[in-house]
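Since every read-out is calculated from the coordinates, none of them should be taken as a lab result. Note that the structure is predicted; figures quoted are calculated from it, not measured. Cβ atoms come from the backbone with ideal geometry, glycine included; neighbour counts cover every protein chain shown.
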2 protein chains.
Amino acid sequence: MSLRNALLALLSSGPMTGYDAAKKFASSVGHVWHAANSQIYPELRKMEREGLVDTREVPWGSKGETKTEYTVNEQGRDALHEWQQEPMSYVADRDPARLKAAYLEWGTPQSAASFLREHISHFENQRRLALDEIHRVESGGNPTLVRRLENVPDRDRAKVTAFKRFSYEGRVLHAEAEIAWAKRGLELLAELGEI
Amino acid sequence: MSLRNALLALLSSGPMTGYDAAKKFASSVGHVWHAANSQIYPELRKMEREGLVDTREVPWGSKGETKTEYTVNEQGRDALHEWQQEPMSYVADRDPARLKAAYLEWGTPQSAASFLREHISHFENQRRLALDEIHRVESGGNPTLVRRLENVPDRDRAKVTAFKRFSYEGRVLHAEAEIAWAKRGLELLAELGEI
């Protein structure tokens, strides 16, 4: 259901074609819920069949072709409200990095160290991406958010922006925890005389 | 491949039946890689077919029945070594809590606050479980680790224990980052005058 909620949330910024939804996904809600185009199109059609979005054909290109435009309808907005009311269901941990770390004795000191350095570098990159996105959210550099804010009453704009920022702050905190952990791992290898 | 690596890692503590592997999984490697029994048995048989483990029938119960016992062989140990040499492949973020947080405006102030309080409570519990496991690792209270250490040269014991501890420390740091994030969210709701 998360992909459905992600798409409803995206479309709630304003009507868009399936093509636009797929294009905008990666630079907005995709930051917190990754999905491939091959998942997005079928889910949009399913949402239409289940009555969560209305569709109409809109002109596309100069050859008289059309594309389907999706608009969240009242039932779709109800689904968004319900989603926010539902309790979260947390899944059990499946973390390949933690799994690897628990059995570093099966590698060499070099493989252990390079695993940890890669982990740091991966999450330093993730941290940077999340901070960049926070900057875009705050400076009006995210077109999906800009459009969303145009359709939101004045009094709610600060709130809507603050929640996007808050979500990305979670990515920053998570990345920082992973960096701290892997640095601790490198210290441990040194303490053990491995590196 | 992670389930396979998790099972190889578990069996590397000493030979065990499929039944024992399934039973011990949850209280050892399952802390970092959750798997259901319905996944464990077929994977063990696949590992046998692919020559990573040797099997023999061992007596079970008092009625002359037997069970299959699995032992990691040389090819299995090679697979563990290779796994530690391979670079990690990180998957794109799919975090239902971050997704929900980005669109809290679709809920009520009450639903937002209870989502965040639940998040704190979930990760406080996760943190406690990981700390309990660290305590067991250090005090000889994890039978799988105790058995593993019996089969490890003296000079490697501190290292093997330290890596288990290190892995669980990652769970602690992750849980603490999630708690800090959700607390920040509650502060934000208060700042916005929502609660």
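Among the residues of the stretch B:140-175, those that are among the acidic types (Asp, Glu) and more than 7 Å from every other protein chain (Cβ to nearest Cβ) comprise B:Glu150, B:Asp154. Of all residues in the stretch A:50-71, those that are surrounded by 15 or more Cβ atoms within 10 Å (Cβ to Cβ) and out of contact with any strand residue (DSSP E or B) (no Cβ under 6 Å at 6 or more places or on another chain) total 1. Of the set (1) facing chain A (nearest Cβ under 9 Å); (2) surrounded by fewer than 19 Cβ atoms within 10 Å (Cβ to Cβ); (3) among the charged types (D, E, K, R), all apply to B:Glu124 but (1). Taken over the stretch B:177-195, the residue count meeting the criterion of being touching a helix residue (DSSP H, G or I) at 6+ places or on another chain (Cβ under 8 Å) and either outside any helix (DSSP H, G or I) or facing another protein chain (nearest Cβ under 7 Å) (or both) is 9.
Please report, ordered by residue number, the helices (runs of 4 or more DSSP H) entirely within the stretch A:1-112 with at least 3 residues that are more than 26 Å from B:Val91 (Cβ to Cβ) and within 14 Å of chain B (Cβ to nearest Cβ). Break it down into steps so the answer makes sense when it comes.
On the way: elements: A:2-11, A:18-25, A:37-49, A:74-85, A:96-101.
Output list reads A:74-85.
Considering the stretch B:74-94, and only residues there that are crowded, with 17+ Cβ neighbours inside 10 Å and free of Cβ contacts under 8 Å to residues at least 60 places away in the same chain, the residue that is nearest to B:Tyr19 (Cα to Cα) turns out to be B:Gln84. Summed over the stretch A:95-110, residues that are among the hydroxyl-bearing types (Ser, Thr, Tyr) and surrounded by 18 or more Cβ atoms within 10 Å (Cβ to Cβ) total 1.
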